[in-house]
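Student: Submitted below is the structure of interest, expressed as C-alpha cells.
All of the numbers you see were taken from the coordinates with simple rules; none came from a lab. The model shown is predicted, which means the values in this text are computed figures rather than measured ones. Positions of Cβ are generated from backbone atoms using ideal geometry, with glycine treated the same way; all protein chains shown enter the neighbour counts.
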Amino acid sequence: MATAKKSNGSKSNNGKSKPMDAIALLKADHRKVEDLFETYENSKSKSVKAKLAQQICMELTVHATIEEEIFYPAVKGQVEDDMLDEAYVEHDGAKMMIGELLAGTPEDDFYDAKVKVLSEEIKHHVKEEEQRDGIFAQAKKAGVDMQALGERLAARKAELTKEYKSAGIPTPQTRSMRGVELKIGHPVEAAA
C-alpha cells in the first residue's frame, strides 16, 4: 500500500515551510497510524509485523505524550471535562496494550489480536477527538490559538521522536489508571 508522506508543515506562497496548526498536526498523526495499522493487518511476514508494531507503538507513544503534556492542558476549561477525562483513560488503555506489544513479539500467542484491539481502541479515540462536537471542534470553537499550539506540539514531537529513536520507547506511563497488578491465567478452552 502506498502512503503519501506528510511533513510537519506546509509550503506557503513564498516557499518557506509553515507549521501546521495543532488540529492538522494531530489529525496527520491519526492518519499515519491508521495507515500503519492497515499495513500491519495486510502483512504476512513476522519480521515486517514486528517492525510495524514497533513503529505503531512509537507513533502512539509520541502522540499521546504531546497531547497529554501540551494539547489537553491547553484546552482544559475550553472543552467538556468528561471528554478530556475519557481521552486520558483511553490513552491509558492504549498504553497498557502498547506495553504488551513492546514486551512481546509477533510469535507470541494473541499478538495479532492485541494489535487489532489496539487499532480498534485508537479508532474509537480518534472518532471522539475528531467528531463534529468532539475535542478538536470544541477547542477550535473556543478560540484556542491552534497555530501557536501546533508549533509547540511539533517541537515536542520532534524532540520525543529523536529521543525514542536513540534510547528506545520508554515503558508507558499511565495518568488515570493505577496499574493494578493482575494475575495471568490461561485462556479458557471452549467446551467440547
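Here's the yes/no breakdown for (1) without any contact (Cβ under 8 Å) to a residue 40 or more places away in the chain; (2) out of contact with any Asp or Glu (no Cβ under 7 Å at 6 or more places or on another chain); (3) not aliphatic (A, V, I, L, M):
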| site | (1), (2), (3) |
| --- | --- |
| PHE37 | no, yes, yes |
| ILE70 | no, yes, no |
| ASP81 | yes, yes, yes |
| LYS114 | yes, no, yes |
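Student: List every residue pair whose Cβ atoms sit under 8 Å apart, with the two residues 6 or more apart in sequence or on different chains, where the first one lies in the range 86-97 and is in contact (Cβ under 8 Å) with a residue 12 or more places away in the chain and the second, anywhere, is among the polar types (S, T, N, Q) and surrounded by 17 or more Cβ atoms within 10 Å (Cβ to Cβ).
Tutor: Every condition considered, the pairs that remain are LYS95/THR61.
Student: Considering only residues of the range 142-164 that are assigned to a helix (DSSP H, G or I) and without any contact (Cβ under 8 Å) to a residue 12 or more places away in the chain, which is farthest from MET58 (Cα to Cα)?
Tutor: ALA148
Student: Every residue in the range 165-189 that is part of a loop (DSSP other than H, G, I, E, B) and over 25 Å from TYR88 (Cα atoms), please.
Tutor: Across the range 165-189, the qualifying residues are ILE184, GLY185, HIS186, PRO187, VAL188, GLU189.
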